[in-house]
Amino acid sequence: MRILVCISHVPDTTSKITFNSDHTEFNQSGVQFIINPYDEIALSRAVELVEGTDGTVTVINVGDASTEPTIRKALAVGATDAVRIDAAPRDAWFVAKQIAHYATEQSYDLILTGRESIDYNGSQVAALVGELLHIPSVSIVKKFDIQDREITIEREIEGGKEVLSTQLPVILGTAEGVTEPKIPNMRGIMSARTKPLQVLPAVDVPTLSTISKYESPAPRGQVAMVDDVEQLVNLLHTKAKVL
Amino acid sequence: MAILVYVENIEGKFKKSAFEVVSYAKAIANEQSTSVTALSIGNVADDELNKLAGFGASKIVKVDQEQLKQFINKAYASVIAAAANSEQANIIVLSNSFSGKGLAPRVAAKLEAGLADGAIELPTFSGSDLQVKKTAFSNKAFATEIITADKKVIAVNPNSHEPVRSEETAAIETLSPSVDAGDLNIVIKDIVRATDKVSLPEAEIVVSAGRGMKGPENWAIIEELAAALGAATACSKPVSDAGWRPHSEHVGQTGIVVSPNLYIAIGISGAIQHLAGVSSSKTIVVINKDPEAPFFKVADYGMVGDALEIVPKLTAAVQAHKAN
Ligand SMILES: Cc1cc2nc3c(=O)[nH]c(=O)nc-3n(C[C@H](O)[C@H](O)[C@H](O)COP(=O)(O)OP(=O)(O)OC[C@H]3O[C@@H](n4cnc5c(N)ncnc54)[C@H](O)[C@@H]3O)c2cc1C
Ligand SMILES: Cc1cc2nc3c(=O)[nH]c(=O)nc-3n(C[C@H](O)[C@H](O)[C@H](O)COP(=O)(O)OP(=O)(O)OC[C@H]3O[C@@H](n4cnc5c(N)ncnc54)[C@H](O)[C@@H]3O)c2cc1C
């Protein structure tokens, strides 16, 4: 089985998010970058699936050269090889077009993405690529299993879950529950340095949307400390008006 | 050039999010001096469909055929894109629900439209560009997205636009699109839905608990408080990782993002990753035995003490309040 895992390079979850002075750009200074946590889950599941078989796991990132340490980390987790599409992504449509273009030239049985990228929170890439490749896509996948070419998928729905089945190829946006993230071991880290990382030029894509400005959330007012539950209920009713 | 709004039903009924998106579309239509066409796919009775007119739909298109009874994102996206074309709609609105997240990008790709995912406010217009605010960096920031493409799809976050009544008289039209077999090559085998529970992303009140609860055996008091409030239950990541609660309850940067009117955090320390998923809640109450817990810094109301003692008393106080 040939699996393609899409990874995005995002600020560490503990990062303070700040912007430049005119609020048009994310301030990257002092920020540690990691593999998007959901993509780490997708990658770990992909590595699990090919273990002990002749299957391969290719990771793809659309990004400039600064994402390479993140790609090497994915190779250390156990990917076979990597591709970087050399462009600073502009929006999810741009990213999806690059991935779809690359995937049409290859042919993958399974394409995995995370349910969403924790930077721009689009939750778009899986369904966009699915549409561009004319294959089924399932966003927010909690679990999946493959038997021959048939795949059974559990997706999250409001208040429950839905179980779907289809034939490969398919693209999934994976969430927690699919598997536990794998921690790279020493052998993985050593071998990652020499695994192939191919850099390819981006294809031209018209821009459909851009971000014009960023804002930080307004700080909340001072907390009111309350001593007893009746007083709390009273405040929630009369002041906050939520009860 | 009507505004097209797709309304999702659950087992033939519209949830609040359906009225939210119709009302959102109506606000745009007013600004653009046009009208709202609502599109419903699946088996929904006419009296349920008519409710959409009460929130501003002046035309209701229903697609109710056997092959499209159940939600399949590919097939539904084809129907929505076709309806957008026949209505000559350049703006398509839908809910950024779990299903919406799998659907909106497909609709946008079919129409080569720009997609604003997770909109939290009404858009503004300058010339043919549309600007709309959305959350970014997992609730740690907001971004204003400009859609420059001619066609625009807006996926509106649940609970971010209060439905406003606007009575219209709407005719119901039935559309019977031909469905491409290639759009149906995925089968739904089972749907499991806990109907007695309030769904977390849409809940107006959320009662959430963390490691301070000590173990799963202590969750009965959390569920009782939630039941008294008509709230959904949620938890921190280590709680679902330990299997004390299902993953579907995990909120935060790597879990579900919620923005209820009231979020009650019990025995949760307030780690940055947790706060990212809950900080847009309108009112936050924190109950923690440690007065130095970081969560108090972002709370509106706080109580210091043992959750196992406070929570049952709070439940009783809520019940007493509701009985009045
Ligand atoms: C310096 C810089 C500036 C950027 N500026 C912007 C900007 O202004 N506006 C904007 O929208 N985006 C910007 N991006 C791109 C952003 O990081 C995302 O790659 C892209 O926007 C998709 O985001 P999303 O939230 O829609 O992804 P989602 O649809 O939420 O992502 C889902 C999944 O798709 C895959 N994926 C996402 N992005 C990539 C990628 N780049 N390569 C490979 N797989 C990926 C991952 O598996 C991810 O889990 C910028 C990136 C960089 C590095
Ligand atoms: C990549 C990454 C992603 C993450 N994503 C998330 C996420 O999405 N969501 C999330 O929640 N976490 C996330 N985390 C974990 C996060 O960093 C914290 O570890 C976690 O939120 C802590 O959970 P907690 O508050 O339940 O437990 P703790 O931090 O252990 O806090 C327990 C709290 O309970 C209080 N307490 C103890 N006993 C009592 C009592 N009897 N009565 C009242 N209070 C009591 C304590 O004072 C303490 O404040 C992530 C971490 C990483 C590295």
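A few points about this structure:
- Amide H within-cut-off set for B:Gly302, under 5 Å, with H built and near neighbours excluded: A:Ala224, A:Met225, A:Val226, B:Val286
- Zone of B:Gln70's modelled label, taken as backbone nitrogen in region B:158-194 under 13 Å from a point 7 Å along Cα→Cβ: B:184-193
- With only the Cα atoms considered, the protein assembly as shown has a convex hull volume of 158 Å³ per residue.
- Those trypsin sites (Lys or Arg not before Pro) in region A:93-193 that DSSP places in a loop and that have at most 14 other beta carbons within 10 Å: A:Arg149, A:Arg193
- The string of couplings for region A:114-128 from the Karplus curve (6.51, -1.76, 1.60, θ = phi - 60°) is x, 5, 7, 8, 6, 8, 9, 6, x, 6, 10, 4, 4, 5, 5 Hz, one whole number per residue in order, with x for Gly and Pro.
- Considering only B:Gly277, B:Gly100, B:Gly127, the mean-square fluctuation computed in a Gaussian network model of chain B, springs between alpha carbons under 10 angstrom, is largest for B:Gly127.
- Over the Cα atoms of region B:2-184, the radius of gyration divided by the Kirkwood radius equals 0.94; this is the Rg/Rh ratio.
- Percent accessible area from carbon and sulfur atoms, the protein assembly as shown, protein chains only, probe 1.4 Å: 50
- Note on region A:97-243: Rg/Rh from Cα positions, Kirkwood definition for Rh, rounded to two decimals, is 1.14.
- Pairwise centroid distance, computed over Cα atoms, of region B:45-71 with region B:245-308, Å: 38
- Overall form of region A:2-211 per C-alpha gyration tensor (a/c, 1.5; a/b vs b/c): rounded
- Karplus 3J(HN,Hα) series, Hz, for region A:143-152 with 6.51 cos²θ - 1.76 cosθ + 1.60 (x for Gly, Pro): 6, 7, 9, 10, 10, 6, 9, 9, 10, 10
- Peptide B:130-142 has a mean shielding of 6, counted as Cβ atoms of other protein chains within 10 Å of each residue's Cβ.
- Convex hull volume of region A:76-151 per residue (C-alpha atoms, cubic angstrom): 134
- For region B:85-155, the Kirkwood radius over C-alpha pairs fed into Stokes-Einstein at 4 °C and 1.567 mPa s yields D = 105 µm² per second.
- Cα pair count fraction exceeding 30 Å, expressed as % - chain B: 40
- Only helices enter the 222 nm calculation for the protein assembly as shown: every DSSP H run of n ≥ 4 contributes -39,500 (n - 2.57), and dividing by all residues gives -8000 deg cm²/dmol, rounded to 500.
- Among the residues of B:112-120, the average count of other protein chain beta-carbon atoms within 10 Å of the residue beta-carbon is 4.
- Ordered from longest to shortest, the equivalent ellipsoid semi-axes for region B:205-323 are 19, 16, 15 Å, each the square root of 5 times a Cα gyration tensor eigenvalue.
- The protein assembly as shown - share of DSSP beta bridges that are antiparallel (%, nearest 5): 35
- Cα-based Rg and Dmax for region A:1-95, where Dmax is the largest Cα-Cα distance (Å): 14.8, 52
The values are calculated or read from the model by the stated rules, or taken from the named source; none is laboratory data. Predicted model only: the values in this text are computed from it and were never measured. Please note: Cβ atoms are built from the backbone with ideal geometry, for glycine as well, and neighbour counts cover all protein chains shown. Side chains included, ligands, DNA and RNA excluded: accessible areas come from the protein's heavy atoms. Shrake-Rupley method; radii C 1.70, N 1.55, O 1.52, S 1.80 Å.
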